[in-house]
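J.: So that we are looking at the same thing, I have put the structure below in structure tokens.
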Amino acid sequence: MSATSLSLPPPPRRAPEFGRDALIVCESLVRIYQSGSVEVQALQGLDLTVNTGEMIAVVGASGSGKSTLLSILAGIDAPTAGRARVDRWDLLAMSRSERVEFRRRTVGFVRQQTASNLVPYLTARQMIDLPMTATRTPVRQRRERTAELLDALGIERLADRRPGQLSGGQQMRVAIAVALANRPRVLLADEPTGELDTDTSAEVFGVLRDVNRRYGVTVLVVTHDPTVSGRVERTVAIRDGRTSSEVLRRTATGADGDTHVIAEEYAVMDRAGRVQIPRDFREALALTRRVRLALEPDHVTIRPDTERDG
Ligand code: ADP
Ligand code: MG
């Protein structure tokens, strides 16, 4: 008798996984910091998906959880609950050694303070080389990669300078080159232009855009700068540790043949169907605890509850 006579149970039916094709997925992500007896909920159920090759801006007020999100995606900090995946790595289930590997190879991180990215006594060339020694890259490949990055970031002539001999914008270019040394799939930058003047900030942003296109590296950049967020296809806003809205931009050609950028703001709905109504909308119609929802053929209406009992 052959084993084919065994009848197997049908395979379990599962809902398609949220963000299955995305490079980065956060779902109901929670990070609680315990400081003394006080709990701070830095992330309170954040949802986000980012596709390979995208460049997105993350905006939000100070304290809204932007740096916490980036530290988690960089593998520096661990989430309290929820789901977070980058490439094939589950950030809640990584072992220590996997985390080291992930930080070395999958993500590049540019920190908030320009100087904290750099080693004061090393030259630009030595700093770019350093991450590749950690991954035991052969010396010839290291030299080639360093030369390529110095060229791509326009800092060849600064290769033998130390951070103290570089301007803020130049330091940021070196920091980006260091972050890209091991060919990460994702480049995370936390307010890289925060300490720079407007022109230099635009220049650094141009560099991020350029490496995004040149290397296909997926870029997440936290910024306060409204002109910067105006130059990406997607801006994600975080409020109180959650994604509250997304602005998508596309170029369109008008009847006059001119191209212009159209920006549309979207509210973000989580998997349970929750949507946050912006404060100005709520105030305009005095929407409070209870609202009336109605399904129309192609939209949903939300009305104030007019039959409030005293
Ligand atoms: P953002 O980068 O948007 O300004 P953060 O992610 O740095 O916000 O911080 C979000 C919240 O978490 C803030 O209330 C902040 O005070 C708190 N927080 C951040 N890091 C820590 C920490 N290590 N310990 C305690 N609270 C923290
Ligand atoms: Mg921050």
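Quick note: the coordinates plus some simple rules give every number you see, no bench work behind them. Being a predicted model, the structure only gives us computed values, none of them experimental. Please note: Cβ atoms are built from the backbone with ideal geometry, for glycine as well, and neighbour counts cover all protein chains shown.
J.: Taking amide H positions as placed 1.01 Å from N in the peptide plane, with prolines and chain starts having none, which residues 5 or more places from VAL219, or on another chain, fall under 5 Å of its amide H?
T.: Distant-sequence amide H within range of VAL219: GLU54, MET55, ILE56, LEU187.
J.: Also: Could you list the trypsin sites (Lys or Arg not before Pro) in the stretch 59-122 that lie in coil according to DSSP, counting only those with at most 10 other Cβ atoms within 10 Å of their Cβ?
T.: ARG88
J.: OK, next. Pull up all non-local amide H partners of THR243: gap of 5 or more, or a different chain, and H-to-H distance under 5 Å with H placed in the peptide plane.
T.: ASP47
J.: Also, quick follow-up: Which one of LEU122, LEU149, GLY36 has its Cα pushed farthest toward the positive end of the charge dipole of the chain, where Lys and Arg give +1 and Asp and Glu give -1 at the Cβ?
T.: Result: LEU122, furthest along the dipole toward the positive end.
J.: How tilted is helix 198-215 with respect to the longest principal axis of the chain? Cα atoms for both, answer in degrees (0 to 90, nearest 10).
T.: The angle comes out at about 90 degrees.
J.: Next up: Considering only ALA22, ALA181, ALA237, give the residue with the highest GNM mean-square fluctuation for the chain, with springs between Cα atoms whenever their separation is below 10 Å.
T.: Maximum among the listed residues: ALA22.
J.: Charges only on Cβ, +1 for Lys and Arg, -1 for Asp and Glu: so what's the dipole of the chain about the Cα centre, in debye to the nearest 20?
T.: It works out to roughly 1280 debye.
J.: Oh, and also: So what's the gap between the Cα centers of the stretch 246-291 and the stretch 93-131, to the nearest angstrom?
T.: Distance between centres, Cα-based: 37 Å.
J.: Where does the stretch 259-303 land on Rg(C-alpha)/(2.2 N^0.38 Å)?
T.: Against the empirical 2.2 N^0.38 Å value, I get 1.43 for the stretch 259-303.
J.: Also, I was wondering about something else. Is the shape of the stretch 92-242 best called rounded, prolate or oblate, per the rule: a/c under 1.5 gives rounded, else a/b larger than b/c gives prolate, else oblate, with a ≥ b ≥ c the square roots of the Cα gyration tensor eigenvalues?
T.: In terms of gyration-tensor shape, oblate.
J.: In the stretch 96-202, with Lys and Arg counted as +1 and Asp and Glu as -1 at Cβ, which of these residues, GLN113, ALA134, THR193, has the Cα nearest the positive end of the dipole, that is, farthest along it?
T.: Among GLN113, ALA134, THR193, the one farthest towards the positive end of the dipole of the stretch 96-202 is ALA134.
J.: Another question about this same structure. Percent antiparallel among DSSP beta bridges with both residues in the chain, to the nearest 5?
T.: The antiparallel proportion sits near 70 percent.
J.: Put +1 on the Cβ of each Lys and Arg and -1 on the Cβ of each Asp and Glu in the chain; which of THR288, THR306, VAL221 then has its Cα farthest toward the positive end of the dipole?
T.: The residue sitting farthest along the positive end of the dipole is VAL221.
J.: Have a look at PHE281, PHE205, PHE109 and tell me which one the Gaussian network model of the chain (Cα, springs below 10 Å) gives the largest fluctuation.
T.: Of PHE281, PHE205, PHE109, the Gaussian network model singles out PHE281 as fluctuating most.
J.: So what is the 222 nm mean residue ellipticity for the chain from helices alone, if each DSSP H run of at least 4 adds -39500 (n - 2.57) and you divide by all residues, rounding to the nearest 500 deg cm²/dmol?
T.: Value at 222 nm, helices only: -8000 deg cm²/dmol.
J.: Helix 168-180 against the longest principal axis of the chain: what's the angle in degrees, Cα atoms only, rounded to the nearest 10?
T.: 80 degrees
J.: For helix 139-152, report the angle its Cα long axis makes with the longest principal axis of the Cα atoms of the chain; keep it between 0 and 90° and round to the nearest 10°.
T.: 70 degrees
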